[in-house]
Amino acid sequence: MRIGSKKRSGRVAVIGVGVLGACVGWNLSRHGADVVLIDAQRPGEGVTDWSFSWVNASNKTVRRSYFDLNVAGMAAHRELAGTIGPDSWWYPGGHLRWTDDPAAEANLLERAELLAGWGYRVEMSTGAEVRGRLEPALAMPDEVPVVLYPDEAWVHGRRLVDRLVGRAVASGAELRPGTAVRDIGTGGDGSVRTVALSDGSRLDVDIVVNAAGPDASHVAGLVARDLPMRREPGVITRIDCAEVPVHRAMHAPHIEIRPDGDASMVLHSREIDALIDTGAEPAELARLLHASARSVVPALDSARIARTRVANRPIPADGFPSVGAVPSVPGYYEAVSHSGITLGPVIGRLLAAEIVSGRRDELLADFRPERFAP
Ligand SMILES: Cc1cc2nc3c(=O)[nH]c(=O)nc-3n(C[C@H](O)[C@H](O)[C@H](O)COP(=O)(O)OP(=O)(O)OC[C@H]3O[C@@H](n4cnc5c(N)ncnc54)[C@H](O)[C@@H]3O)c2cc1C
């Protein structure tokens, strides 16, 4: 089903207003659709606010079509920054990556070569050059090879969501924060008709977009759809520092670091994520993250751990996005993905076009929800 395909209002309920729901909702409102944005909490305060938020395709070489989608995501971010303005959410400047492990270094250099062969911009430097030219605060060996991906970026996810929601509301979208979707009603032909909300109200709608992030499997269950998802939690720590000593996002040995505004930074590490299921307390994980960060950026000695959260990545079971219509439930669409910060703007654009016109874009061919049909 698509908007205008039958004699009803064509109202769309976007369920979940993180980066994916906000991108879909804003694009729909630009197309003139009648949109209601519904979020159980405040928009942008789900995983989108607890993400490393690195916009990249260099970590997405597992499948060529997935890499291509992420490259399109990077381009869509640049276009979005041109359309809505970049201030407060869009931080280009590239991404640095180096390691202290010889095997990992060989993999890093091999991947850089592969990416360069795929037309991705890659620049090679040494530790001394990076310190001299880009990041004076880093402690790293002079001769260590450092890969710079100059087209990569980081995003302030919550502020991006605020910006998009503000624009969508200004063009007529309705916002229902603090309201959960409890049920989705379908008609005799199985198509979507209503959503029941936690405030006791029920809305007539023709289309729902499941953008519920880590809770997407539950929302899919409301239309008796099985969306299998992985459990892959990650821990993010924000530290406060009087002055942010680095200028871009980076993968340093054992720690990922990025700025998060004027006096705050975000820390993450896959190695520390692996400790979540050992029962370690978030405060202990935060201390480990801070210790690793200090060994790369000594100026962070005086930084203070501010907030830490364990969040579940919204990952469909095979690791790839689930985006588009589910033909067995007319009017039901999915926008569920890890790397949702990178992919939000491109998924938002393509899915909104599909809902409005019925046109299915080839870029999403490998990421269709039908692959999870029972
Ligand atoms: C540790 C970590 C690091 C990451 N690093 C990166 C990275 O570097 N780069 C990258 O691109 N991606 C990264 N990601 C992934 C990225 O953050 C997510 O893919 C993205 O934020 C998902 O956005 P979303 O809108 O789908 O989910 P969310 O932001 O969680 O939004 C979903 C919303 O749905 C709402 N909701 C749920 N159920 C209901 C309901 N029944 N009714 C109404 N509302 C509901 C929730 O309240 C929530 O606000 C990372 C994730 C983690 C955990």
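The values are calculated or read from the model by the stated rules, or taken from the named source; none is laboratory data. Being a predicted model, the structure only gives us computed values, none of them experimental. Positions of Cβ are generated from backbone atoms using ideal geometry, with glycine treated the same way; all protein chains shown enter the neighbour counts. Note: areas computed on protein heavy atoms with side chains; ligands, DNA, RNA excluded. Shrake-Rupley method; radii C 1.70, N 1.55, O 1.52, S 1.80 Å.
How many residues are assigned to a loop (DSSP other than H, G, I, E, B) and either under 23 Å from residue 199 (Cβ atoms) or in contact with a strand residue (DSSP E or B) (Cβ under 7 Å, 6 or more places away or on another chain) (or both) if we restrict to the range 25-36?
Residues that pass the stated criteria total 2.
Evaluate the range 203-214: report whether one residue or more is surrounded by fewer than 20 Cβ atoms within 10 Å (Cβ to Cβ) and closer than 25 Å to residue 47 by Cα.
Checking the range 203-214: not a single residue is surrounded by fewer than 20 Cβ atoms within 10 Å (Cβ to Cβ) and closer than 25 Å to residue 47 by Cα.
Among (1) open to solvent by 60 Å² or more (accessible area, probe 1.4 Å); (2) touching a residue at least 60 places away in the same chain (Cβ under 8 Å); (3) not in a loop (DSSP other than H, G, I, E, B), there is one condition residue 305 misses while meeting the rest; what is its number?
Unmet condition: (1).
Mind listing whichever residues of the range 269-283 are farther than 23 Å from residue 249 by Cα and open to solvent by 70 Å² or more (accessible area, probe 1.4 Å)?
If the condition is that a residue be farther than 23 Å from residue 249 by Cα and open to solvent by 70 Å² or more (accessible area, probe 1.4 Å), then 277, 278, 281 are the ones that fit.
Show the residue pairs meeting these rules: Cβ distance below 8 Å; 6+ apart or different chains; first residue within the range 69-87 and outside the structural domain of residue 344 (by TED's automatic domain parsing) and charged (D, E, K, R); second residue buried (at least 20 other Cβ atoms within 10 Å of the Cβ) and at pLDDT 95 or above.
Listed pairs, sorted by first residue: 79/345.
Residues that are at pLDDT 95 or above and over 30 Å from residue 300 (Cα atoms), at least 3 per element: which strands (runs of 3 or more DSSP E) completely within the range 138-216 meet that?
Once the strands (runs of 3 or more DSSP E) in the range 138-216 are filtered for at least 3 residues that are at pLDDT 95 or above and over 30 Å from residue 300 (Cα atoms), what remains is 174-176, 181-186, 192-197, 202-204, 207-210.
Across the range 339-364, which residue is farthest from residue 15 (Cα to Cα) among those that are assigned to a helix (DSSP H, G or I) and acidic (Asp, Glu)?
362
Among (1) within 15 Å of the ligand (Cβ to nearest atom); (2) of a type outside the set (Phe, Trp, Tyr); (3) surrounded by 14 or more Cβ atoms within 10 Å (Cβ to Cβ), which single condition is residue 144 missing?
The failed condition is (1).
So which residues in the range 324-339 are within 16 Å of the ligand (Cβ to nearest atom) and open to solvent by 10 Å² or more (accessible area, probe 1.4 Å)?
338, 339, listed by residue number.
Please go through (1) closer than 21 Å to residue 60 by Cα; (2) among the charged types (D, E, K, R); (3) touching a residue at least 24 places away in the same chain (Cβ under 8 Å) for residue 100 and return the number of the only condition it doesn't satisfy.
Status for residue 100: all satisfied but (1).
Out of the residues in the range 157-179 meeting the condition of being open to solvent by less than 30 Å² (accessible area, probe 1.4 Å) and in contact with a strand residue (DSSP E or B) (Cβ under 7 Å, 6 or more places away or on another chain), tell me which one is farthest from residue 99 (Cα to Cα).
Across the range 157-179, the extreme among qualifying residues is 173.
Suppose we keep only residues that are in contact with a strand residue (DSSP E or B) (Cβ under 7 Å, 6 or more places away or on another chain) and outside any loop (DSSP other than H, G, I, E, B) within the range 37-67. Which one would you say is farthest from the ligand (Cβ to nearest atom)?
Step by step, filter the range 37-67, then rank; the result is 37.
Does residue 12 count as hydrophobic (A, V, I, L, M, F, W, C), surrounded by fewer than 20 Cβ atoms within 10 Å (Cβ to Cβ) and within 16 Å of the ligand (Cβ to nearest atom)?
no
Can you tell me which of 345, 316 is more than 10 Å from the ligand (Cβ to nearest atom) and touching a Leu at 6+ places or on another chain (Cβ under 6 Å)?
It is 345.
Please verify whether the range 287-299 includes one or more residues that are open to solvent by 40 Å² or more (accessible area, probe 1.4 Å) and either more than 27 Å from residue 242 (Cα to Cα) or modelled with pLDDT under 95 (or both).
Among the residues of the range 287-299, not one is open to solvent by 40 Å² or more (accessible area, probe 1.4 Å) and either more than 27 Å from residue 242 (Cα to Cα) or modelled with pLDDT under 95 (or both), which makes the answer no.
Here is a check on your reading of the model: is residue 53 touching a helix residue (DSSP H, G or I) at 6+ places or on another chain (Cβ under 6 Å), closer than 20 Å to residue 251 by Cα and touching a residue at least 40 places away in the same chain (Cβ under 8 Å)?
Yes; evaluated as a whole, the condition is true for this residue.
From (1) open to solvent by less than 20 Å² (accessible area, probe 1.4 Å); (2) under 24 Å from residue 19 (Cβ atoms); (3) within 11 Å of the ligand (Cβ to nearest atom); (4) in the same structural domain as residue 355 (by TED's automatic domain parsing), pick out the condition that doesn't hold for residue 236.
(4)
Return the total of residues in the range 365-374 being more than 20 Å from the chain's Cα centre (by Cα) and not in a helix (DSSP H, G or I).
Here the count works out to 2.
How about the range 207-226: which of its residues are within 7 Å of the ligand (Cβ to nearest atom) and among the β-branched types (Val, Ile, Thr)?
Hit for the range 207-226 is 219, nothing else.
Just name the residue that is most open to solvent (accessible area, probe 1.4 Å) out of those in the range 68-95 that are over 28 Å from residue 133 (Cβ atoms) and part of a helix (DSSP H, G or I).
79
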